[in-house]
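Worksheet for the structure shown next.
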Amino acid sequence: MALLFLSTSRHISSIIVRRQILSCAPRLLSSNQCNNDLIQAQKQQLKVESPSATPKQSPRLRRYHYYLFSIATGALIGTIYALRQVRKHEGSLPEYVANPELFERKAMEARPLPPPVTKHITFDAPPRINFPFNLTLYQYVTCPFCCKVRAYLNYNRIPYDIVEVNSVMHTETKWSLYDRVPIVVVENEHIQLNDSSQIISVIESYLRQPTKTFKQIIKYYKTILEKDQKGRLFFTYPNKYAIVEPSMKDRLELSKSEVKPSNSNESKSFFGWLFSRSTPTPAIESKPDVVVSKKSNEENEFERQWREWVDNKFIHALSPNIYCTLRQSLDTFRWFSKAGDWEEIFPWYQRWLIVYLGAIVMRVIAVRLKKKYNLHDDVRLSLYECANEWVNAIGEKDFLGGSEPNVADLNAYGILTAIQGCEAFEDLMKNTKIQPWFERMRNLVEPHRIDTPVRATS
């Protein structure tokens, strides 16, 4: 009986549950149908609505999209250009790396002639030492490394031509795979010289001991070309600070009438002249003095150490100082434009691009250089420390080289002329003791120079 009651109760409960489900089914179906109808209606409404009815983006969002699009476009263009440059020389790079002389010859063959000279530099006095070669200097007017080369040539009164290079477009140096300045071309022998320190060392070696041809000097300076993982060439010059002595067979024999002893004194008294063992050589103003200068190994090593100091320490304190704020960076480039006669050389749009884009780019680079070379938070202090270290090295002498400037003097003076129109230069002169030395150098380097503009770049 109990079992019968239990089975009957289960049957009744299942019937009740089934009826509840059946009663709810129409409502569930009607709800789903309503949802489907609503979705279909929304789709129809979206199809019917015109595109002009879509919600407009905010100006801020549109600018953000424009920035992203501009960055992506610039990155794409830069990537395509880089790949083209790599593929352009990909087949010949191994040969160039193995044979630098072939590389230099190919570059000189691709160089447009005549070069787009913007200025002739001559002097109203003969050169200190005869230099019978014609030089063309590719430069940025206020690049410290280019200023080093100009200071050296001006001091020795060696005439040269200037090609002002557009620092953004690099149109004037596209023929060279060496993508930096300065570049000096020895026109007589079609030789390309790179790197400011090596340029100075090569010419100084010739002036100390002339050779029959300039190639007989340049053969002592090797260029190492290497290819990085991205396929780009980079250049190293292992002995760029060395002053070499050519072999005896390569030396140019000077006649006695052309040689003036380096220890001669033009202001000798009558008795000094009378009892002098050397035969006096009459002064000829139209002919330069040819002096084969000999320096001891200690003097050469001392000069070399300070040349390296200028390149590895002093010069790295300049850019973070002249670009330390965006305002100073812009003022610096405006002074560059004035000092380099950019209004006469470049079209207005190129000049505008160089000044304003260059100011922004160099401000960013200055921040990176400050961190890279561990400069003080106040970068002026780092500049003052370098100047004081230089003055202490000079001591009681007029110049680092003694009574006459040596190559290190010319290098230090040259890099400072690159910033002499900037606020940082004025602060340097006021807050350190370097100004007397700088004025002595200026009086030796700058006189007798004659600048002759040639033409404006089209």
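The values are calculated or read from the model by the stated rules, or taken from the named source; none is laboratory data. Predicted model, so just to flag it, every value in this text is computed and none were measured. Because the Cβ atoms are built from the backbone with ideal geometry, glycine has one as well, and the counts that use them run over all protein chains shown. Surface areas here come from the heavy atoms of the whole protein model, side chains and all, with no ligands, DNA or RNA. Shrake-Rupley method; radii C 1.70, N 1.55, O 1.52, S 1.80 Å.
Details
- Across the stretch 102-236, the volume of the C-alpha convex hull divided among the residues equals 117 Å³ per residue.
- Cα-based convex hull, the stretch 301-453, per residue volume (Å³, whole number): 117
- Cross-linked pairs K148/K372; K313/K338; K119/K148; K148/K397; K313/K372; K227/K313: Cα-Cα separations exceed 20 Å for K148/K372; K313/K338; K148/K397; K227/K313.
- Carbon plus sulfur fraction of accessible area for the stretch 301-453, probe 1.4 Å, in percent: 52
- 1.4 Å probe accessible area per residue over the stretch 301-453, in Å²: 50
- Model label sites at F69 and D179, defined 7 Å from Cα along the beta-carbon direction, differ in position by 2.9 nm.
- What the stretch 102-236 shows is 39 Å² of accessible area per residue, with the surface traced by a 1.4 Å probe over protein heavy atoms.
- GluC sites (Glu not before Pro) within the stretch 109-194, DSSP loop, no more than 16 other Cβ atoms inside 10 Å: E187, E189
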